[in-house]
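Chemist: Pasting in a structure now, in C-alpha cells, and then I'll have a few things to ask.
Readers should treat all values here as calculations from the given coordinates under stated rules, not as data from a laboratory. Given the structure is predicted, the values throughout are model-derived calculations rather than measurements. Here the Cβ positions follow ideal geometry from the backbone for every residue, glycine too, while neighbour counts run over all protein chains shown.
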Amino acid sequence: DSGVTQTPKHLITATGQRVTLRCSPRSGDLSVYWYQQSLDQGLQFLIQYYNGEERAKGNILERFSAQQFPDLHSELNLSSLELGDSALYFCASSFTGDTEAFFGQGTRLTVV
Amino acid sequence: GNSVTQMEGPVTLSEEAFLTINCTYTATGYPSLFWYVQYPGEGLQLLLKATKADDKGSNKGFEATYRKETTSFHLEKGSVQVSDSAVYFCALSVSNSGYALNFGKGTSLLVTP
C-alpha cells in the first residue's frame, strides 16, 4: 500500500459526459501529479500541483482540468469525454517535487 | 526536450536467467533517472533510482548505473524469478519540469519456471 488513495477504481461513462477523479495523497505529501496511461500513448504526465498551486503542466487537454484543495487532496476533471479518453489515470504524490513519488492504484476510465 | 527510449518487449526468460532491459535518455538539464515496476492490476512502484552520473541504484537484486557518457540507465538482474514478471518503466525527471516523471513505453517481462 503506497498510501495514495484514488477513487473511484473504475468508471464507465458515455461520450460527452463529465467525470471527476479524486486523489488523496500520502499524509504529509505536498505535491500531487496526475498521469494518463493508455495503450497507444503509454504513460503521460498531465499536471502537477504543489501545496495548492499548479507547478507544472504536461500533455493535458483543454477539456481536462485539475485542482488541489487546502487539505491537499486533488481532483482531475475530464469533460466532453471522447472514446479516446479511455485510459488508466494515476495520481502520485511526493513530499516535495524532488523526493520519491508514490503512485496510487489508478482509476480505470472507460468511455462508451 | 526530455525523452526516454527503452527496448520493446515482451521479454520472455526462463527462471534464473540474466536480465538486461536497455534504456537511453535525452534531457535538457541534469536528470534523475528511475526504474519503476508495475505488477498486473497495480500502480507503479519505484524499483531504484540514481541522481547523478556514475551512481548505481540497486534494489531486490536489480541494478542500474547512470551513464552520462552514453546517456543510458540499463536495468540488470543476475537471476530472475517468476515473481519478477511485470512491466518495467524507465523514467527521468528534471527540476525545470517540476520533477514530473517522463516515462519510456515500458517493457513487459515474463519469467517462466
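Chemist: Would you calculate the separation in nanometres between label points at residue A:41 and residue A:10, each defined as 7 Å from the Cα along the Cα-to-beta-carbon direction?
Modeler: 2.3
Chemist: Among A:104-112, B:16-24, how do they line up from the highest to the lowest mean number of other beta-carbon atoms within 10 Å? Walk me through the numbers on the way to the answer.
Modeler: Working: A:104-112: 18.8, B:16-24: 16.3.
In descending order of packing, they fall as A:104-112, B:16-24.
Chemist: Still on this structure, please answer the following. Between residue B:20 and residue B:2, with labels modelled 7 Å along Cα→Cβ, what's the label distance in nm to one decimal, could you check?
Modeler: Result for the modelled spin labels: 2.7 nm.
Chemist: Per-residue mean of other chain beta-carbon atoms within 10 angstrom of the beta-carbon, peptide A:2-9?
Modeler: 1
Chemist: When every alpha-carbon pair in the protein assembly as shown is counted, what percent end up more than 21 Å apart? List each step's numbers first, then the result.
Modeler: Values: 13760 of 25200 pairs.
Roughly 55 percent, once rounded to a whole number.
Chemist: What is the P(r) of chain A, as percent of Cα-Cα pairs per 5 Å bin from 0?
Modeler: 2, 14, 25, 26, 18, 10, 4, 1
Chemist: For peptide A:48-57, compute the average count of partner chain beta-carbon atoms within 10 Å of each residue's beta-carbon.
Modeler: Numbers: counts 4, 1, 2, 0, 0, 0, 1, 4, 5, 3.
The shielding value for this peptide is 2.
Chemist: Follow-up question, since we're still on this one. For peptide B:92-104, how many partner chain Cβ atoms fall within 10 Å of a residue's Cβ, on average? Don't skip to the answer; put the middle values down first.
Modeler: Working: counts 0, 4, 1, 2, 1, 7, 14, 12, 15, 8, 4, 6, 2.
Shielding by partners across B:92-104 averages 6.
Chemist: Using a Cα-Cα cut-off of under 22 Å, which lysines could be cross-linked to residue B:68, ignoring same-chain neighbours fewer than 8 residues away?
Modeler: Straight-line reach from residue B:68, under 22 Å: B:49, B:52, B:56, B:77, B:105.
Chemist: Only bridges whose two residues both fall in the protein assembly as shown count here: according to DSSP, what percent of them are antiparallel, nearest 5? Display every interim value, and only then the final one.
Modeler: Details: 71 of 79 bridges.
About 90 percent, rounded to the nearest 5.
Chemist: Once the mean 1/r over all distinct Cα pairs of the range B:51-113 is inverted, what Kirkwood radius in angstroms do you read off?
Modeler: Numbers: mean 1/r = 0.0753 Å⁻¹.
Across the range B:51-113, the inverse of the average 1/r is 13.3 Å.
Chemist: For the ranges A:22-32, A:84-94, what's the packing order if you count other beta-carbon atoms within 10 Å of each residue, average per peptide, and put the highest first? Can you show the working numbers first?
Modeler: Details: A:22-32: 19.8, A:84-94: 22.3.
Ranking, from highest mean packing down: A:84-94, A:22-32.
Chemist: Report the FRET efficiency, 1/(1 + (r/R0)^6), for residue B:83 and residue A:51, where r is their Cβ-Cβ distance and R0 is 41 Å, rounded to 0.05. Intermediate values should be presented prior to the final figure.
Modeler: On the way: r = 38 Å, r/R0 = 0.93.
E(calc), rounded to 0.05, equals 0.60.
Chemist: Also: Would you please give the FRET efficiency between residue B:13 and residue A:61, computed as 1/(1 + (r/R0)^6) with r the Cβ-Cβ distance and R0 = 30 Å, to the nearest 0.05?
Modeler: Working: r = 39 Å, r/R0 = 1.29.
The computed FRET efficiency comes out at 0.20.
Chemist: Further question: Percent relative contact order of chain A, based on C-alpha pairs within less than 8 angstrom and at least six residues apart?
Modeler: 38
Chemist: Based on the Cβ-Cβ distance from residue B:56 to residue A:77, what FRET efficiency comes out when R0 is 45 Å, to the nearest 0.05?
Modeler: Details: r = 42 Å, r/R0 = 0.93.
Plugging the Cβ-Cβ distance into 1/(1 + (r/R0)^6) gives 0.60.
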